[in-house]
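*Asks:* Okay, handing you the structure first.
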Amino acid sequence: MKLQKNDTLLFIGDSITDCGRQHPVGEGSHGLGHGYVAQVYALLRSIYPELMLRVRNVGTSGNTVRDLKHRWDRDVLDLKPDWLSIMIGINDVWRQFDHPISGEPHVFLEEYENTLRELVASVRPSLKGLVLMTPYYLEANPEDPMRATMDLYGEAVRRIASEYDAVFVDTQAAFAPFWDHFYTSVLTHDRVHPDATGHMILSKAFLDGIGFEWSGAPKA
């Protein structure tokens, strides 16, 4: 397990991370929301109680990477986490499809990659560890236009993760085995916001990335 005793793990992102968390900073059983962040917290605390980990959530619904930049100092740098997890990009792509005429909220690939790289560069030296999770679209067909665009943004995350020695979590790939058995609507009403099972798929992908031992942590 990559996390160490007394580490603080901070999550930032959009509505998938927010999930009803408390503001300004979500923390604890009632403050982390009802999504993958809360699931990660519960699993870490139940399997690794001896590590006394602190988990905090500053995901904000509707955010793009541009929004993250505007609040980066307050919600990341000032909080001084040991580990940081970033999952952003869904709205950057989605607004191009559900608001195609209004160009103002559109964050195209070049801006997305450059901004995310800038944010990562500003915080990476102060972190013990960084997790970069791709944006995803709950669509099995890779040729679907929004899914294909989302995959390009995911590849940008992969490049940045490689450059900055980050744990890379391919959330789109994590959902793929589920489509062998169920149609996408089983998990979501809009192919973006998943149900509890979808959030558990995200949780497992994150925990696998940080070396979580599902059979139980080895004891000293």
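The values are calculated or read from the model by the stated rules, or taken from the named source; none is laboratory data. Just so we're clear, the structure is a prediction, and the values are computed from it rather than from any experiment. Glycine also receives a Cβ, built like all others from the backbone with ideal geometry; neighbour counts cover every protein chain displayed. Quick note on the areas: whole protein, heavy atoms, side chains included, nothing else; ligands and nucleic acids left out. Shrake-Rupley method; radii C 1.70, N 1.55, O 1.52, S 1.80 Å.
*Asks:* Just give me the residues in region 19-45 being open to solvent by less than 10 Å² (accessible area, probe 1.4 Å) and either touching a residue at least 40 places away in the same chain (Cβ under 8 Å) or within 16 Å of residue 200 (Cα to Cα) (or both), in sequence order.
*Replies:* 32, 35, 36, 37, 40, 44
*Asks:* Still on this structure, please answer the following. Select from region 147-201 the residues that are among the acidic types (Asp, Glu) and in a helix (DSSP H, G or I) and write down the one among them that is surrounded by the most Cβ atoms within 10 Å (Cβ to Cβ).
*Replies:* Of everything passing the filter in region 147-201, 151 is surrounded by the most Cβ atoms within 10 Å (Cβ to Cβ).
*Asks:* Still on this structure, please answer the following. What about residue 135, is it closer than 25 Å to residue 204 by Cβ and in a loop (DSSP other than H, G, I, E, B)?
*Replies:* yes
*Asks:* A further question follows. For residues that are open to solvent by less than 50 Å² (accessible area, probe 1.4 Å) and out of contact with any strand residue (DSSP E or B) (no Cβ under 7 Å at 6 or more places or on another chain), scanning just region 68-81, find the one that is nearest to residue 119 (Cα to Cα).
*Replies:* 72
*Asks:* Another question, then. Can you confirm whether residue 13 is more than 17 Å from residue 210 (Cβ to Cβ) and either open to solvent by less than 40 Å² (accessible area, probe 1.4 Å) or of a type in the set (Phe, Trp, Tyr) (or both)?
*Replies:* No, not satisfied.
*Asks:* Something else now. If residue 62 passes every condition in (1) in a loop (DSSP other than H, G, I, E, B); (2) at negative phi but one, which one does it miss?
*Replies:* (2)
*Asks:* I'm trying to understand the selection: among the residues of region 47-73, which are free of Cβ contacts under 8 Å to residues at least 60 places away in the same chain and either among the β-branched types (Val, Ile, Thr) or in contact with a Pro (Cβ under 8 Å, 6 or more places away or on another chain) (or both)?
*Replies:* 55, 56, 58, 60, 64, 65
Residue-wise test of (1) open to solvent by less than 30 Å² (accessible area, probe 1.4 Å); (2) outside any helix (DSSP H, G or I); (3) of a type in the set (Val, Ile, Thr).
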| site | (1), (2), (3) |
| --- | --- |
| 55 | yes, yes, yes |
| 85 | yes, yes, no |
| 95 | no, no, no |
| 100 | no, yes, no |
| 104 | no, yes, no |
| 113 | yes, no, no |
| 120 | yes, no, yes |
| 131 | yes, yes, yes |
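*Asks:* Next question. Can you name the condition, by its number, that residue 138 falls short on among (1) open to solvent by 50 Å² or more (accessible area, probe 1.4 Å); (2) in contact with a Lys or Arg (Cβ under 6 Å, 6 or more places away or on another chain)?
*Replies:* Checking residue 138 against (1) open to solvent by 50 Å² or more (accessible area, probe 1.4 Å); (2) in contact with a Lys or Arg (Cβ under 6 Å, 6 or more places away or on another chain), the one that fails is (1).
*Asks:* Would you please list the contacts, defined by Cβ atoms under 8 Å and residues six or more apart or on different chains, that run from a residue in region 145-160 that is among the aromatic types (Phe, Trp, Tyr) to a residue that is surrounded by fewer than 17 Cβ atoms within 10 Å (Cβ to Cβ) and in a helix (DSSP H, G or I)?
*Replies:* Close Cβ pairs satisfying both conditions: 153/109.
*Asks:* Within region 108-119, is there a residue that is polar (S, T, N, Q) and over 25 Å from residue 73 (Cβ atoms)?
*Replies:* No, the conditions are met nowhere in region 108-119.
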